[in-house]
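Asker: Below is one structure. I have some questions about it.
The values are calculated or read from the model by the stated rules, or taken from the named source; none is laboratory data. Since this is a predicted model, take the numbers as computed values, not measurements. Each accessible area value is taken on the protein alone, full model and side chains, heavy atoms only, with ligands, DNA and RNA left out. Shrake-Rupley method; radii C 1.70, N 1.55, O 1.52, S 1.80 Å.
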Amino acid sequence: EMIGEGEQVAARWTAKGTHTVSLPGLPATGKSVVLTGLMLITILNGKIAVNREEWDALGLWSQIGIIPPQLKNAT
C-alpha cells in the first residue's frame, strides 16, 4: 500500500518467504516467515532523497525461534 502527497510517500509492506540463510549463531530453519514494515520516503528532483524504514524485527526473530513466542506476546 502506498500513499503520497507532494514530495512525501508512505508505503506499508508485507513480505513472505522462507528462512534459508543462516544467521550468526542460528542455522537456517526452513520456516515460513511473514515480515511487515513501513517506509517514509522523500522524493526530490525525481529521486529518493530520504528513506526511513521500520520493520517488525521482533516478529521475524520470534518466527524463526530466536525469541520465544511467549516473550513477544509479553511486550
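Asker: In the calculated pair distance distribution of the chain, what percentage of Cα-Cα distances lie above 17 Å?
Answerer: Numbers: 1569 of 2775 pairs.
Every Cα pair in the chain considered, those over 17 Å come to 57 percent.
Asker: Under 5 Å between amide hydrogens, which residues at least 5 positions from residue 67 or on another chain qualify, with H placed 1.01 Å from N in the peptide plane?
Answerer: HN-HN under 5 Å from residue 67: 62.
Asker: Follow-up. Which percent of the accessible heavy-atom area of the chain goes to carbon and sulfur, probe 1.4 angstrom? Each step should come with its number before you reach the end.
Answerer: Values: 3290 of 5650 Å².
Exposed carbon and sulfur together represent 58 percent of the surface.
Asker: For the chain, what does the accessible surface come to per residue with a 1.4 Å probe? Please give it in Å².
Answerer: Values: 5650 Å² over 75 residues.
The answer is 75 Å² per residue.
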